[in-house]
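Undergrad: Before I ask anything, here is the structure I am working with.
FYI, it's all coordinate maths here, none of it is from the lab. These numbers come from a predicted model, not from an experiment. Reconstructed Cβ throughout: ideal geometry from the backbone, glycine too, with neighbour counts over all protein chains shown.
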Amino acid sequence: MDVLARIRTACVEVNVVLCRMRFTLGEVATLGSGDVLEAELGDPPVNVELDVNGKTAAKGRLLIRDGLRCVEITEVGKRPLRKFAPLKWTRR
């Protein structure tokens, strides 16, 4: 298998970030099971970021489509996308 094929098949972690919050270490230390962090997201569609290995790689919108929550990619890197494709989820 050549290097390019290995890169294309490598797995990375992708996180959909709804919002970012800042806390002191003291506040984080007091968080416990059942605590609720309030985030003012507004009504759908909600803007989100897609982080790949800890770095923002794309932006999108959290939508409800056919009764399912999904992310529509609106921008990859610095350039906006012209066409939107639904994100396909696979369950483990």
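Undergrad: Using DSSP to define loop residues, name the trypsin sites (Lys or Arg not before Pro) in segment 22-76 whose beta-carbon has at most 11 other beta-carbon atoms within 10 Å. Kindly include the intermediate steps, with their values, before the conclusion.
TA: Values: sites: Arg22, Lys55, Lys59, Arg61, Arg65, Arg69; in loops: Arg22.
Those that pass, being in a loop and sparsely packed, are Arg22.
Undergrad: Please report, in Å, the Rg and the Dmax of segment 1-59, where both are computed over Cα atoms only.
TA: Cα-based Rg and Dmax for segment 1-59 come out at 16.9, 49 Å.
Undergrad: Enumerate the calculated ³J(HN,Hα) couplings along segment 67-77 in order (Karplus 6.51 cos²θ - 1.76 cosθ + 1.60, θ = phi - 60°), each rounded to whole Hz, writing x wherever the residue is Gly or Pro.
TA: Coupling constants for segment 67-77: x, 10, 6, 8, 10, 9, 6, 10, 7, 10, x Hz.
Undergrad: Taking amide hydrogens as modeled 1.01 Å from N in the peptide plane, which residues meet the under 5 Å criterion relative to Val46, leaving out close sequence neighbours?
TA: Long-range HN contacts for Val46: Leu62.
Undergrad: Hey, another quick one. For Arg61 and Arg22, what does the FRET efficiency come to when R0 = 25 Å and r is the distance between their Cβ atoms, rounded to the nearest 0.05? Mind showing how you got there, number by number?
TA: Numbers: r = 24 Å, r/R0 = 0.95.
For R0 = 25 Å, the calculated efficiency reads 0.60.
Undergrad: How would Glu40, Glu75 line up from fewest to most surrounding beta-carbon atoms within 10 angstrom? Each step should come with its number before you reach the end.
TA: Working: Glu40 5, Glu75 14.
Ordered by Cβ neighbours within 10 Å, fewest first: Glu40, Glu75.
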